[in-house]
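A quick write-up on the structure given underneath.
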Amino acid sequence: MQLKCSNCATPFVLSKEVLAEAIALFKENKTAHLNVNCPKCRRPVRVVRKTLEMNPIYRKMLESEPEQS
Ligand SMILES: [Zn+2]
């Protein structure tokens with residue numbers, strides 16, 4: 001999914017690895033946040049649960065039960 005840098009307004013794509021990490025984190029802690037670095041200005045961009053909830057696919061993943069291994 002796409003994210004926009006809050007510092008320089010550059011749009012960039014969140015990698016699947018980062019998304020998986022974020023989903024796991026938000027499932028454990030609803031108020032947690034993740035910082036990803038903007039590819040252009042290198043400053044941290046905050047990713048919160050709400051960011052993922054805007055996308056219906058990731059909202060479903062957040063609401064689903066944790067997988068049993
Ligand atoms: Zn930036």
In degrees from 0 to 90, rounded to the nearest 10, what is the angle of the helix 16-28 Cα long axis to the longest principal axis of the chain? 50
Are there GluC sites (Glu not before Pro) in the chain that DSSP puts in a loop and that have at most 15 other Cβ atoms within 10 Å, and which ones? 67
For residue 50, give me every one of the lysines with a C-alpha distance below 19 angstrom, ignoring sequence neighbours fewer than eight places off in its own chain. 4, 16, 27, 30, 60
Working with all protein chains in place, sort 61, 54, 1 by solvent-accessible area computed with a 1.4 Å probe, largest first. 54, 61, 1
In whole Å and largest first, what semi-axes does the C-alpha gyration tensor of the chain yield when each eigenvalue is scaled by 5 and square-rooted? 23, 11, 10
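The values are calculated or read from the model by the stated rules, or taken from the named source; none is laboratory data. All of these numbers come straight from a predicted model, not from anything done at the bench. Note that each Cβ is placed from the backbone with ideal geometry, even for glycine, and that neighbours are counted across all protein chains shown. Note: accessible area is taken over every heavy atom of the protein model, side chains too, but ligands, DNA and RNA are not part of it. Shrake-Rupley method; radii C 1.70, N 1.55, O 1.52, S 1.80 Å.
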